[in-house]
Amino acid sequence: MTDAAIEDPSPELLEAGRLLFVGEAEFTAAAPALGALPPMEGVEIAFAGRSNVGKSSLVNALTGRNTLARTSHTPGRTQQLNFFRIGGRLMLVDMPGYGYAAVEKAKVEAWTKLIHAYLKGRSNLARVYVLIDSRHGLKSIDTDLLDGLDKAAVSYQIVLTKGDALKKSEIEKRIAGIQAALAKRPAAYPEVLLTSSRDDRGVAELRASIARLLQERGA
């Protein structure tokens, strides 16, 4: 990673992030349809990404709990919006993975409709963290989601997963390419984060980013 790509968070922010996620974390609701969404309360963030990008593993790494979010080697396993309350101050939403062709078309369409309805109608949604496999970079199916987020004026930030699989030079090239792609996107947060749930790289920085977002929201 490069200094241009990642702003080093202050020690205060790193500690705020640690304290945010060291507290209680609990599953609170699962919404398979729009009518099942829980009431809006406090600040909400969401994690989105292609099937098998490592969303659930990253949620578990953030909270230090190996079983908080269900992980699976079978893509498309998450079929609903899963809500987790973090430290009594934050609601974290694990969204259904997209882009897995083996899932029935009708089910994919239902997920897609749910996701778009959620993004448009959730006024307390502060940011969507869009997870991208660092080995592959942005694909057209990812940019389709970014287009939707831009159109809905929902703030989002790119988080690269599986960063342990790349060499430093490959990481720098990947981040630079994504930053260039984001430059003209109005809802994109400019900082690209690199993470790995396998060796915990970038996890503290992601926690700090979320803590900063809470501070900005006065939460």
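Every residue in region 151-184 that is of a type outside the set (Gly, Ala, Ser) and under 22 Å from residue 126 (Cα atoms), please. Answer for region 151-184, where residues must be of a type outside the set (Gly, Ala, Ser) and under 22 Å from residue 126 (Cα atoms): 151, 154, 156, 157, 158, 159, 160, 161, 178, 179, 182, 184. Under the condition of being over 14 Å from residue 79 (Cα atoms) and hydroxyl-bearing (Ser, Thr, Tyr), which residue from region 25-57 is surrounded by the fewest Cβ atoms within 10 Å (Cβ to Cβ)? Top of the filtered list is 28. Could you go through region 134-144 and let me know if any residue there is surrounded by 15 or more Cβ atoms within 10 Å (Cβ to Cβ), at pLDDT 90 or above and among the hydrophobic types (A, V, I, L, M, F, W, C). Yes, the conditions are met somewhere in region 134-144.
All of (1) over 23 Å from residue 146 (Cα atoms); (2) modelled with pLDDT of 85 or more; (3) small (Gly, Ala, Ser); (4) surrounded by 14 or more Cβ atoms within 10 Å (Cβ to Cβ) hold for residue 10 with one exception: (4). Examine region 93-116 for a residue that is under 30 Å from residue 39 (Cβ atoms) and touching a His at 6+ places or on another chain (Cβ under 7 Å), and state whether such a residue exists. Checked against the condition, which is being under 30 Å from residue 39 (Cβ atoms) and touching a His at 6+ places or on another chain (Cβ under 7 Å), region 93-116 yields no hits at all. Kindly evaluate residue 130 against the criterion of being in contact (Cβ under 8 Å) with a residue 24 or more places away in the chain and in contact with a helix residue (DSSP H, G or I) (Cβ under 6 Å, 6 or more places away or on another chain). Considered against the rule, which asks whether it is in contact (Cβ under 8 Å) with a residue 24 or more places away in the chain and in contact with a helix residue (DSSP H, G or I) (Cβ under 6 Å, 6 or more places away or on another chain), residue 130 comes out as no. The one condition from (1) open to solvent by less than 40 Å² (accessible area, probe 1.4 Å); (2) touching an Asp or Glu at 6+ places or on another chain (Cβ under 6 Å) that residue 188 does not meet is (2).
If the condition is being modelled with pLDDT under 90, within 15 Å of residue 88 (Cβ to Cβ) and in a helix (DSSP H, G or I), then region 20-76 contributes 22, 63.
The values are calculated or read from the model by the stated rules, or taken from the named source; none is laboratory data. Only a predicted model underlies this, so the values are computations on that prediction, with no experimental measurement involved. Every residue, glycine among them, receives a Cβ derived from its backbone with ideal geometry; neighbour counts consider all protein chains shown. These area figures cover heavy atoms from the full protein model, side chains too; ligands, DNA and RNA do not enter into them. Shrake-Rupley method; radii C 1.70, N 1.55, O 1.52, S 1.80 Å.
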